[in-house]
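Read-outs: derived from the displayed coordinates by stated rules, not from any lab. Worth saying up front: this structure is predicted, and the values here are computed from it rather than measured. Cβ placement follows ideal geometry from the backbone for every residue including glycine, while neighbour counts extend to all protein chains displayed.
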Amino acid sequence: MERERDPLGMINGEGVITGTVVSTAVIAAAAGHLEETHLVIAILGTAFIYWLAHLHARTLGDSVKHRTHPVDAFKEALAETWPILAAGSVPAVILIVIQLLGIPLRTGAWIAVIASTVLLTIYSFFAGQRGGLGLRGRLLSAAVGAALGILVIALKAGLH
């Protein structure tokens, strides 16, 4: 059963939201405890491990649920979950650019977390639009995305 994908090859925006939140939470928890290079490695490593775990769980779950061969379930899961890894890399790229600009890590971490919150808001708005929601529904979807980012900001503020 082939599902409709958007031009980026995604079935839905789940991976984009999840990857962004997971990686941003790493920044919130680890910034101030790790130097820049180790923080970027922690972000990328966490996104990769989370993606692998999600890929594995999705493969097993779909194989059992849909009674499909695990290889077929793996191919479908791979197509559905890669956005976790891609979006999870965005906060790391933001931090790398900030490092190259010579901005201190403490400031850079805040910029990355705030930028990720803005991205979560935008992703959520467009997911609502793609889902056929009217303006009110899209704004509500965006508000939920923003709230996720604000929770990560609160985590960062509480830890540092």
Run the dipole for the chain about the Cα centre, Lys and Arg Cβ at +1, Asp and Glu Cβ at -1, nothing else charged, and hand back the magnitude in debye, nearest 20.
340
For segment 14-159, the charge dipole (Cβ of Lys, Arg +1; Cβ of Asp, Glu -1; about the Cα centre) points to a positive end, and the Cα of Leu120, Ile98, Ala57 closest to that extreme belongs to Leu120
Residue farthest toward the positive end of the dipole of the chain, with Cβ of Lys/Arg at +1 and Asp/Glu at -1: which of Ala109, His66, Gln129?
Gln129
Read-out Rg and Dmax of the Cα atoms in Å, derived from the coordinates shown; its label in (1) 16.9, 53; (2) 15.9, 48; (3) 15.6, 54
(1)
For segment 43-64 and segment 121-160, what is the separation of their C-alpha centers, rounded to whole Å?
23
Acute angle (nearest 10 degrees) that the helix 135-159 long axis makes with the longest principal axis of the chain, alpha-carbon atoms:
50
